[in-house]
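Structure record follows, encoded as structure tokens.
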Amino acid sequence: MSKDYQMKAAINQKLIEMGERERLKELLRAKLVESGWKDQLKAHCKDVIREKGLEHVTVEDLVTEVTPKGRALVPDSVKKELLQRIRAFLAQHAAL
Amino acid sequence: MSPAGCPHVGGWKADGWRQNLRLIYRCFVWSGSAETRTRKAKSCVCHACGAHLSRLHSCLSCVFFACFAKKHIHEHARSKRHHLAVDLLYGGIYCFLCQDYVYDKEMEQIAKEEQKKAWKMQGVGEKFSSWEPSKREVELLRHNPKRRRITTNCTIGLRGLINLGNTCFMNCIVQALTHTPLLRDFFLSDRHKCEMASSSCLVCEMSQLFQEFYSGRRSPHVPFRLLHLVWTHARHLAGYEQQDAHEFLIAALDVLHRHCRDDDGKRTSNPNHCTCIIDQIFTGGLQSDVTCQVCHGVSTTIDPFWDISLDLPGSSTPFWPLSPGGEVSVLNGEGHGGGATTLTDCLRRFTRPEHLGSSAKIKCSGCHSYQESTKQLTMKKLPVVACFHLKRFEHSAKLRRKISTYVSFPLELDMTPFMASSKEKRMNGQHQQSADAFCSDNRYSLFAVVNHQGTLESGHYTTFIRQHKDQWFKCDDAVITKASLKEVLDSEGYLLFYHKQLLEYE
């Protein structure tokens, strides 16, 4: 495992332990709803379901089709804000 | 994909399965306590490759975590014949034989309960979950198949009101109330269960009124029953003279609040914390801080309010012209050209510290004597619907007149600068605006404006109301016409109704 990967794992652990991961998830959720991202993705999901047919579509289909678009549509401002929050958290718990 | 799960779930449900499932959810999916979080942080990695971020799943039949994305959990399912796994991120149950997520009602129930418990432990409280109809509601929907489709041009909810003799003071308020979204939703979803013996319940009449407004009928409604009930319950408003719309608003809210409380009067033993719909929507908390000038001790009281009455320049109370511009006016996007007074000017004046003077000394509990003090009002708790009353009618001993000074008000209003918490932050030297926007949002949107035309002796009330986010209509008794936003914002303004943009759970 590369050093980067180890660091990611360590940060992730810390975030979960301190409950910060849940708080970040909440912040992200609120921002994504506010910016209209959720509605955009919902519409896309409906399109995929219509294409594949309601009786045949699986969660996997949706995940494969929707993930790349979802990732691309996240507004830069949201990414910036989350990054700021994580940085602030790490600065506070510098014992990493 | 039926809600009864898949055939393989049945096979998995051996004795004690509920406890086991709860444990898994509590420890590895929705980790609420610090202990479970630490355990989750350390142990939730893929047993095959050590990854922690590739859609980890936990086997439901043994202690095995593996990633989904790289198919390690699939490998485990195949070799051990353990057909079910749970997604550690979202709690969904996956069946490897059906090759899809399955939804078993009992398991979903357990998942929901554990999630709520974890949220509570983390202090998150209630969160939004979509509506699921109860059995009774499903029955009602089946027996009443007629549906009404709301399109952007649909004018349902708009209806004129006949003037029964200077009753425009009542009509204008009815228009504002029937277009208050939360109030409308409360009445249209039939939430009022009347326990009043007589037929003089104002809440029932309100309910009827909403039925009339949303019936689809376009002819003006004749609110004679409402008028009669108002005369019965608010004697001071009876008679055929023109009354003050603001007084009517307060009287109406008061009677509705009292009649609502008669419903759960049996249930709530605490008269100070009413949970009726009127209190939920309209009641805010006004904080009054009195600071002793000698010992600087602060005595704080919080009083409930339904509206904020603002003094205007030109009244006989001193109105200090505040410096033009400043971050507050710009924040609220008001045009500040030519020194016109804005709503935020009035609010700043309302929340400024006021010296009470040597003739109004307050007994200080710190100094044990009468001292000079300053008093300051701020908002402790904001209501969902904030009503601002511009005090245009002067009734002092010497003169009775109407103040027609133009006050500009914004479409969107941020109440943050006037909050008690903001004042505390300023005093502690913290500067506002951290990235913590999601814990308290104080933004409001204008949705109704009541205007008074004419003089104190003879005048007329009309209301602008907002529909479908950006359409405005002027309600002039029986006549409803389309209006532009400019007309609304250029109007004089007497009662301004603002609705909170983001609603939070208790």
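The values are calculated or read from the model by the stated rules, or taken from the named source; none is laboratory data. Bear in mind that the values here come from a model prediction, so they are computed numbers and not experimental data. With ideal geometry, Cβ positions are generated from the backbone for all residues, glycine too; neighbour counts draw on all protein chains shown.
Checked against (1) farther than 21 Å from A:E81 by Cα; (2) within 13 Å of another protein chain (Cβ to nearest Cβ); (3) at pLDDT 85 or above; (4) surrounded by 14 or more Cβ atoms within 10 Å (Cβ to Cβ), A:E17 meets all criteria but (3). Hey, can you tell me all the residues within the range B:37-76 that are β-branched (V, I, T), in a loop (DSSP other than H, G, I, E, B) and over 17 Å from A:R21 (Cα atoms)? Of everything in the range B:37-76, just one residue is β-branched (V, I, T), in a loop (DSSP other than H, G, I, E, B) and over 17 Å from A:R21 (Cα atoms), namely B:V63. Per the conditions (1) in a helix (DSSP H, G or I); (2) β-branched (V, I, T); (3) in contact with a strand residue (DSSP E or B) (Cβ under 9 Å, 6 or more places away or on another chain), the sole criterion not satisfied by B:T155 is (1). Here the range B:22-49 is the region considered, the condition is being at the interface with another protein chain (Cβ under 8 Å from one of its Cβ atoms) and in contact with a Gly (Cβ under 8 Å, 6 or more places away or on another chain), and the residue that is modelled with the highest pLDDT is B:R37. Listed here are the helices (runs of 4 or more DSSP H) enclosed by chain A that have at least 1 residues being under 19 Å from the mean Cα position of the chain (by Cα) and closer than 30 Å to B:L97 by Cβ: A:37-52, A:59-73.
Scanning the range B:216-223 finds one or more residues that are surrounded by 18 or more Cβ atoms within 10 Å (Cβ to Cβ), in a loop (DSSP other than H, G, I, E, B) and at pLDDT 85 or above. The residues on offer are B:T155, B:T178, and the sole one that is among the β-branched types (V, I, T) and modelled with pLDDT under 90 is B:T155. In this structure, B:L226 qualifies as in contact (Cβ under 8 Å) with a residue 40 or more places away in the chain and either surrounded by 14 or more Cβ atoms within 10 Å (Cβ to Cβ) or not basic (K, R) (or both). I'm told B:G123 meets every condition in (1) of a type in the set (G, A, S); (2) touching a residue at least 40 places away in the same chain (Cβ under 8 Å); (3) within 14 Å of chain A (Cβ to nearest Cβ) except one. Can you identify the failing condition by its number? It fails just one condition, (2).
Residues satisfying the criterion are absent from the range B:55-74 (criterion: polar (S, T, N, Q), in contact (Cβ under 8 Å) with a residue 24 or more places away in the chain, under 18 Å from B:W30 (Cα atoms) and within 13 Å of chain A (Cβ to nearest Cβ)).
Yes or no, residue by residue, for (1) in contact with a Gly (Cβ under 7 Å, 6 or more places away or on another chain); (2) assigned to a strand (DSSP E or B); (3) modelled with pLDDT of 85 or more:
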| site | (1), (2), (3) |
| --- | --- |
| B:R349 | no, no, yes |
| B:G366 | yes, no, no |
| B:Q376 | no, yes, yes |
| B:K398 | no, no, no |
| B:S422 | no, no, no |
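Comparison of A:E60, A:E20, A:E51, A:E55 shows that the only residue that is of a type outside the set (S, T, Y) and within 26 Å of B:E35 (Cβ to Cβ) is A:E20.
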